[in-house]
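**Q** There's a structure below that I have some questions on.
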């Protein structure tokens, strides 16, 4: 084998090993890792050990149950964007995709609501109060955390 070919094969092997490492690392951090627990660390610290474990198991179960819904939402968004960007705009098809997106979102939220009810039945008042406070912060849209809710938008100048 020529020197150039050897370098290419070794480079390819190194890049593949790096890619596999990134994928495995990402997957290992999704469940049970610091990020998964870290998002809920404040609530977990306020709960007794058994309730904290119940909360984490419930969150993981909801996430796994909603995995298919998340996939369907991504696909529906892609399809809606295709319809929107098509040479001819098909309003009926676009409305149908939006309806599908809303129904999927409702399904996802129903799963979260059922899990919250399940937890609330097993939590005492102080634990439910901590859960409510956590959900208030957790379910907020990411943009809401970057700027104050009552921040004024800059006025546009007429040009």
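Read-outs throughout are calculated quantities, based only on the coordinates presented, and are distinct from any laboratory measurement. From a predicted model like this one, the values you see are computed outputs, not experimental measurements. Cβ placement follows ideal geometry from the backbone for every residue including glycine, while neighbour counts extend to all protein chains displayed.
**Q** Any idea what % of Cα-Cα pairs in the stretch 44-137 are farther than 19 Å? Show your work: numbers first, answer last.
**A** Working: 2323 of 4371 pairs.
So the pairs more than 19 Å apart make up 53 percent of the total in the stretch 44-137.
**Q** Multiplying the sequence separation of residue 22 and residue 65 by 0.36 nm and subtracting their Cα-Cα distance, what value in nm do you get? Kindly include the intermediate steps, with their values, before the conclusion.
**A** Values: separation 43, 0.36 × 43 = 15.48 nm, distance 2.50 nm.
Stretched out fully, the residue 22 to residue 65 stretch lengthens by 13.0 nm.
**Q** Using 0.36 nm per residue of separation minus the Cα-Cα distance, give me the extension gain between residue 126 and residue 93 in nm, one decimal. The partial results should precede the final answer.
**A** On the way: separation 33, 0.36 × 33 = 11.88 nm, distance 4.79 nm.
Roughly 7.1 nm would be gained on extension.
**Q** Give me the distance in nm between label points sitting 7 Å out from Cα along the Cα-to-Cβ direction at residue 107 and residue 86, one decimal.
**A** 2.2 nm
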